[in-house]
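Each remark here refers to the structure printed beneath this line.
Only the coordinates and a few stated rules stand behind these numbers; no lab work does. Computed from a predicted structure; not experimentally measured. Glycine also receives a Cβ, built like all others from the backbone with ideal geometry; neighbour counts cover every protein chain displayed.
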Amino acid sequence: VELVPLVLAGDRRALARLISYVEDDGPPARAALAALFPHTGSAHIVGVTGAPGTGKSTLVNVLARSMRAQGQTVGIVAVDPTSPFTGGALLGDRVRMRDLAGDPGIFIRSMATRGSLGGLAQATGDAVKVLDAAGFDVILVETVGVGQAEVDIARTAHTTVVVEAPGLGDEVQALKAGLMEIADVLVVNKADRPGAAQTARALEVTLDLGRSTKGQAGWRPPVLKAIALDGTGVDELLETIGAHRAYLRESGLLVRQERERARADLMSLLERELVGRLVERVGVDVLERWVDRIADREVDAYSAVEMIVEGERDPRGV
Ligand SMILES: Nc1nc2c(ncn2[C@@H]2O[C@H](COP(=O)(O)OP(=O)(O)OP(=O)(O)O)[C@@H](O)[C@H]2O)c(=O)[nH]1
Ligand SMILES: [Mg+2]
């Protein structure tokens, strides 16, 4: 908690340490987050997600540089999925470190997968809050869109950029559907490769078929093309992100989003807290015996839940 004033004053070392605490969770982190909370709410949070290897890290890198050129400060949170796909990650991230390190207006943080993915989503959301409180104008959150947890992380963003690339395999097409739903902006990266125009057209068609993205009647996700490697299309992407932000403000959606986020935060924390307390009160051993009973078809799960919550002590009468 003594780190809080330092973080608010822009101390980078304190910032890094506090995010580590947040990753580990625990009471000190919670106290610090509580103290920082009143200072959050001014950053524009931009999620960058997409299939593995589409060029997200490279794109985040050039985006951050352009934002800096416009005088904005940028926090970057890269969620390391430790997935079997991370071929490009190391390279992209190393390039990013080299290009952006040393600029005091940029702070880069990788979140490692520790424990459950749900925990990762929580920790990432909290790291974003810390950067928000520390005063960064924009926070870029890179996630690989392979699972629900990553999609949840993307949902904490105001603006979600989904990165595609031409010529991806069928297995990647499958996850597109879920990603399309959360996209505010679509980018076909690697436009220097053949098939980019085709991919962009396919996305437009999918948009025509789908329509309702996040219930945003007044916003159709634009499909842009980019070459992250040389920065082509990045200005347009930046403009589009700005336009989406303006749209959120003017339509009143920003306020509604904020409420939704607050609700989701509250519910997930309540769930964790209540289940944790219940497990503590009932005891893991007793829960295991309930599991046995359900597995033995002595009782169904619904009835078991009712009895556990009502405080029935021991299912096998020990
Ligand atoms: N041809 C071409 N290659 C690109 C472009 N952008 C990125 N790449 C390359 O694609 C590879 C993956 O780039 P990354 O930026 O690491 O991709 P990523 O989406 O962050 O990858 P993961 O984090 O592993 O999912 C690297 O070898 C990049 O150099 C582009 O516009 N054109
Ligand atoms: Mg990456």
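Please report, largest first and rounded to whole Å, the three semi-axes of the ellipsoid equivalent to the stretch 1-59, where each semi-axis is the square root of five times an eigenvalue of the C-alpha gyration tensor.
27, 14, 12
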Distance in nm between pseudo-label sites at Ser66 and Asp11 (7 Å out along the Cβ direction from Cα): 3.6
Protection proxy ranking of 296-307, 24-35 - average other beta-carbon atoms within 10 Å, highest first: 24-35, 296-307
Protection proxy ranking of 52-61, 222-231 - average other beta-carbon atoms within 10 Å, highest first: 52-61, 222-231
Interchain or long-range residues, amide H under 5 Å from Phe107's placed H: Val74, Gly75, Ile76
Hits among aspartates and glutamates - C-alpha to C-alpha of Lys225 under 16 Å, sequence gap 8 or more where chains match: Glu164, Asp184, Asp192, Glu204, Asp235, Glu236, Glu239
